[in-house]
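Below is one structure, written out as structure tokens, with a few remarks after it.
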Amino acid sequence: MLDTIVAPATPPGEGGVGIIRLSGPQAVDFLGAVFRGKVNVNTMESHKLYLGRLLTPNEERVDNVLAVIMRSPRSYTGEDVVEVHCHGGLQILRSVLDLFLNVGARMAGPGEFTQRAFLNGRLDLAQAEAVIEVIRARSERASRVALDQLDGHLSSEIYKFSAQLKQSLALLEAHIDFPDDEVGTLDLPHLLAPLQQISLQLEVLAGSFDVGRVLREGVNVLILGRPNVGKSSLMNAILGESRAIVNELAGTTRDTLEEQLVLAGFPVRLVDAAGVRDTDDPVEQEGVRRAREKATAADLVLMVVDGSCPLTDQDMLALELCQPDRTLVVVNKSDQAQSCELKLLAGFPCQVAVSAKYKLGLDDLSAAILEFFESDIISSGSEGVVVTERRHREALLLAGAALKQLMVSATELAPLECLATDLREALSALGLITGETTPDEILDQIFSQFCVGK
Ligand code: GDP
């Protein structure tokens, strides 16, 4: 029999309420041992809050609380779950936790509640992983995608694919096990058509990870350009407040500055790189080296040039660090007479004119940034289901590869056993996502990333 676990469900610190949660066969007994209210715990209705007091074994009061029992199987973990809503203070929560540990509960490990929910079939693995995504979501869009996954949108796609694969496998096995005069001849094109379809859908779904990663981890947007073109001013203008220090002297913004913001639903990490400039100054050389590194790692580079003067060698040096398909050229200082030779920037099709100082053209800039990321979403368009876990993407690719192998074997008229092996491989890869075929050590690793109490 599993033991009964306990942990705070709310983060440490002061709050209106702090919740201690128990799960396991003895959860109700343990509550009964420390809770005194008008109603005896054994007659408490499920999913209803009851007022009472928590007492130590010598009848000393620990707190006035609200307690709720959620009886198995209608609970988060599928086991009997008890939640005690206490006053949200560190000492109170510690004392309440001790009460339950003293009567025999065990401190829960990281993610152990969710792990039990998974083991009891309340959630499949993709849904369990979504719990942590919902908690960690850094933008509205990210939380929407995570909630969809928690509701089982990704899982139901996977189950749909698995069901078709199982059907094809059954058909194949019938032809392997029984002679053709009993089951008729195998119509190979008929068998392959839906598998081909699934193979394509797997590819599209795996491709949605490009967007999923952005929603989960945020996009790295780097502001690059030679000193004095207005990078700090642009950063401030985008942020709408004076964070980066604007300096009149060229080349004084040496350190990279980083800010987090949400742009039209996308979490964005905005980085102001050190001014790029060919110089012997060791500090600046280091800055240039870091800028080069960051430009390679960035999802999008905002390459700033000063529209009010001709392009310099330093501008060209900065431009060299940029890949045209991941670069938006921001022609700054549009409030002044323009003398920048835009034809030198012909290799960079995405350009926006702004004035960071007078906050002109910023809407166009936001729209251009958004368009850049939206086009990723549109190209991935898999009916709204977005893969956010690298693990899921790899499993989808694995399943897709097995199906492709099957197509090759089929055209080479390989024995049916070979096709069946490929199908089983694809099925097993899909099972990694929902947890049916996930090895225990991977499961442990996934749940250990959760916080205690989740
Ligand atoms: P950075 O070295 O690239 O970070 O450039 P700064 O943001 O420190 O700006 C350098 C100088 O250009 C400062 O004097 C700013 O006031 C000025 N500046 C920045 N943006 C604009 C703009 O849009 N128009 C004008 N006229 N001046 C600007």
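Quick one: count up the residues across segment 337-357 that are within 14 Å of the ligand (Cβ to nearest atom) and either within 17 Å of ILE223 (Cβ to Cβ) or at pLDDT 95 or above (or both).
Residues of segment 337-357 that are within 14 Å of the ligand (Cβ to nearest atom), as a first pass: 337-340, 352-357.
With the extra rule that they be either within 17 Å of ILE223 (Cβ to Cβ) or at pLDDT 95 or above (or both), the set shrinks to 352-357.
Counting residues in segment 337-357 that are within 14 Å of the ligand (Cβ to nearest atom) and either within 17 Å of ILE223 (Cβ to Cβ) or at pLDDT 95 or above (or both) gives 6.
Of the residues GLY111, GLY88, which single one is among the small types (Gly, Ala, Ser), under 19 Å from LEU66 (Cβ atoms) and crowded, with 17+ Cβ neighbours inside 10 Å? Quick ask: steps written out before the conclusion?
Working: GLY111 fails: under 19 Å from LEU66 (Cβ atoms).
Testing whether each residue is among the small types (Gly, Ala, Ser), under 19 Å from LEU66 (Cβ atoms) and crowded, with 17+ Cβ neighbours inside 10 Å leaves just GLY88.
Only one of (1) in contact (Cβ under 8 Å) with a residue 40 or more places away in the chain; (2) acidic (Asp, Glu); (3) surrounded by fewer than 21 Cβ atoms within 10 Å (Cβ to Cβ) fails for ASP98. Which number is that?
Every condition holds for ASP98 apart from (1).
Output the residues belonging to segment 409-433 that are modelled with pLDDT of 95 or more and of a type in the set (Val, Ile, Thr).
If the condition is that a residue be modelled with pLDDT of 95 or more and of a type in the set (Val, Ile, Thr), then THR421, ILE433 are the ones that fit.
From the list VAL301, VAL305, VAL330, exactly one residue is at pLDDT 90 or above, more than 12 Å from the ligand (Cβ to nearest atom) and not charged (D, E, K, R). Which is it? Don't jump to the end; show me each part of the working.
Working: VAL305 fails: more than 12 Å from the ligand (Cβ to nearest atom); VAL330 fails: more than 12 Å from the ligand (Cβ to nearest atom).
Residue meeting the stated conditions: VAL301.
Pull out all pairs, ordered by first then second residue, where Cβ-Cβ is under 6 Å, the residues are six or more apart or on different chains, the first lies in segment 190-217 and is under 30 Å from SER168 (Cα atoms), and the second is modelled with pLDDT under 90 and of a type in the set (Ser, Thr, Tyr).
Partner pairs satisfying both residue conditions: VAL204/SER382; LEU205/SER382; GLY207/SER380; SER208/SER380; SER208/SER382.
Just one of ALA410, ALA426, ALA414, ALA401 is in a helix (DSSP H, G or I), assigned by TED's automatic domain parsing to the domain that holds LEU195 and over 24 Å from LEU154 (Cα atoms); which is it?
Working: ALA426 fails: over 24 Å from LEU154 (Cα atoms); ALA414 fails: in a helix (DSSP H, G or I); ALA401 fails: over 24 Å from LEU154 (Cα atoms).
Exactly one of ALA410, ALA426, ALA414, ALA401 is in a helix (DSSP H, G or I), assigned by TED's automatic domain parsing to the domain that holds LEU195 and over 24 Å from LEU154 (Cα atoms), namely ALA410.
Run down VAL268, VAL276, VAL288 and say which single residue is in contact with a strand residue (DSSP E or B) (Cβ under 8 Å, 6 or more places away or on another chain), more than 11 Å from the ligand (Cβ to nearest atom), modelled with pLDDT under 85 and of a type in the set (A, V, I, L, M, F, W, C). Break it down into steps so the answer makes sense when it comes.
Details: VAL276 fails: more than 11 Å from the ligand (Cβ to nearest atom); VAL288 fails: in contact with a strand residue (DSSP E or B) (Cβ under 8 Å, 6 or more places away or on another chain).
None of the others qualify; the one that does is VAL268.
The values are calculated or read from the model by the stated rules, or taken from the named source; none is laboratory data. What you see is a predicted model, and the numbers here were worked out from it, not measured in a lab. Methodologically, a virtual Cβ is constructed for each residue, glycine included, from the backbone with ideal geometry; neighbour enumeration extends over all protein chains shown.
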